Amino acid sequence: MSSNSALKIPSDKHQFHHESLQDSKSIGQLLEAISKGFARGELNFSDDVDDIQLQAEGLLHLKISASQEDGRNRISLRVTWHDDLEHQTTHSKLLVNEKVKSKKKNRSTS
């Protein structure tokens with residue numbers, strides 16, 4: 001076997017990747033479509049290059065982070081799950097858009 005040829009091992013790995021510049025309304029529409037896919041239990045992603053179909057059933061792991069630094073804003077949303085139910089764990093309650101009151105120190109004047 002020559003050094004230029006590689007042994008191909010069958011893989012059960014399928015990936016979809018898309019990156020583009022969008023306005024906030026378009027991103028809202030994409031997130032709405034993803035939300036509807038989760039509600040149906042089936043998500044379909046495709047563009048000119050790739051496509052993938054995912055089945056979302058049972059408990060899913062959700063990770064959300066948001067940050068602001070030096071005028072840059074970032075929201076990261078990650079949802080992961082296993083096709084089999086053995087790997088599923090419990091979940092905790094997430095509150096979004098709920099205003100949290102800050103605790104003010106009680107100062108007394110002397």
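Does any residue of the range 51-63 turn out to be touching a strand residue (DSSP E or B) at 6+ places or on another chain (Cβ under 6 Å), part of a helix (DSSP H, G or I) and free of Cβ contacts under 8 Å to residues at least 60 places away in the same chain? The answer is no, given that none of the residues of the range 51-63 is touching a strand residue (DSSP E or B) at 6+ places or on another chain (Cβ under 6 Å), part of a helix (DSSP H, G or I) and free of Cβ contacts under 8 Å to residues at least 60 places away in the same chain. Of all residues in the range 38-48, those that are touching a residue at least 12 places away in the same chain (Cβ under 8 Å) and assigned to a loop (DSSP other than H, G, I, E, B) total 2. Residue by residue through the range 11-37, note down the ones that are assigned to a loop (DSSP other than H, G, I, E, B) and within 14 Å of GLN53 (Cα to Cα). Scanning the range 11-37 gives ASP12, LYS13, HIS14, GLN15, PHE16, HIS17.
Being closer than 18 Å to VAL96 by Cα and either touching a residue at least 40 places away in the same chain (Cβ under 8 Å) or out of contact with any Ser or Thr (no Cβ under 6 Å at 6 or more places or on another chain) (or both) is a description that applies to ASN73.
If the condition is being modelled with pLDDT of 90 or more, assigned to a loop (DSSP other than H, G, I, E, B) and surrounded by fewer than 10 Cβ atoms within 10 Å (Cβ to Cβ), then the range 64-99 contributes ASP70, GLY71.
The values are calculated or read from the model by the stated rules, or taken from the named source; none is laboratory data. Quick caveat: nothing in here was measured; it's all calculated off a predicted structure. No Cβ is skipped: glycine too gets one built from the backbone with ideal geometry, and neighbour counts run over all protein chains shown.
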